[in-house]
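Take this structure, written in structure tokens, and hold onto it; I'll ask about it next.
Laboratory data are not the source of any read-out in this text; all were calculated from the coordinates shown. Because the structure is predicted, anything quoted here is derived from the model rather than measured. For neighbour counting, all protein chains shown are included, and Cβ atoms are generated from backbone atoms with ideal geometry for every residue, glycine included.
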């Protein structure tokens, strides 16, 4: 038995599109930082998280029979002169992301959409923002060299 889902309002559709575009942009930005500076933390971990965020939103698109737009951001995002500048931009981006979800939460009363929006906002504000702030505090040297050593020799080692 298939459950009938009430159609989304124009505001809800717009909110889903806005959320997905923001997650696409974030993923592409962090992917570009990795292309420019290597597989460095926190960008590698957060890029992977952004991929999961994209998938969570795409599930909502599918649930409501909406075509999900493709990610057009790769190759169109800002590039940074240094890893330090990228970390500082990460802080600003996650602050903006928190404000975006605060606004988008007001666009719907649907529990499934609210749950996803809250989860993505929490991830941004409780995990990504603190990681980027630590990145800024340690400076580019700590974010670059130290992360690579931990990855090679730590639990994430592929040796």
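Calculate, in nm to one decimal, what residue 88 and residue 72 gain on full extension: separation in residues at 0.36 nm each, minus their alpha carbon distance.
Residue separation times 0.36 nm, minus the Cα-Cα distance, leaves 3.4 nm.
List 54, 5 from most exposed to least, where exposure is judged by having the fewest other Cβ atoms within 10 Å.
Least crowded to most crowded, the residues run 5, 54.
For a Förster distance of 35 Å, can you work out the FRET efficiency between the beta-carbons of residue 36 and residue 137, rounded to the nearest 0.05?
Details: r = 21 Å, r/R0 = 0.61.
My answer for the efficiency is 0.95.
Same structure, new question: Arranged from highest to lowest average of other beta-carbon atoms within 10 Å per residue, in what order do the peptides 118-124, 6-12 appear? The partial results should precede the final answer.
On the way: 118-124: 18.6, 6-12: 12.6.
Ranked by mean Cβ neighbours within 10 Å, highest first: 118-124, 6-12.
Express the relative contact order of region 1-119 as a whole percentage, based on alpha carbon pairs under 8 Å and six or more residues apart in sequence.
Reported relative contact order: 33 percent.
Of the peptides 95-103, 69-77, how do they stack up when ordered by the mean number of other Cβ atoms within 10 Å, highest first?
95-103, 69-77
When a/c is below 1.5 the answer is rounded, else prolate if a/b is larger than b/c, else oblate, so apply that to region 63-128 with a ≥ b ≥ c taken from the square roots of the Cα gyration tensor eigenvalues.
Because a/c hits 1.5 or more and a/b fails to exceed b/c, region 63-128 counts as oblate.
While we're looking at this one, here's another question. Please report the equivalent ellipsoid semi-axes of region 90-136, computed as sqrt(5 x eigenvalue) of the Cα gyration tensor, largest first, in whole Å.
Semi-axes from the Cα gyration tensor: 23, 10, 4 Å.
Cβ neighbours within 10 Å, averaged per peptide: list 81-87, 56-62 in order, most packed at the top.
Numbers: 81-87: 18.6, 56-62: 16.7.
Highest-to-lowest ranking by the protection proxy: 81-87, 56-62.
Something else about it: Can you give the translational diffusion coefficient of region 10-153 in µm²/s, computed by Stokes-Einstein from the Kirkwood radius over Cα pairs at 37 °C and 0.692 mPa s?
On the way: Rh = 15.6 Å.
Approximately 210 µm²/s, per Stokes-Einstein.
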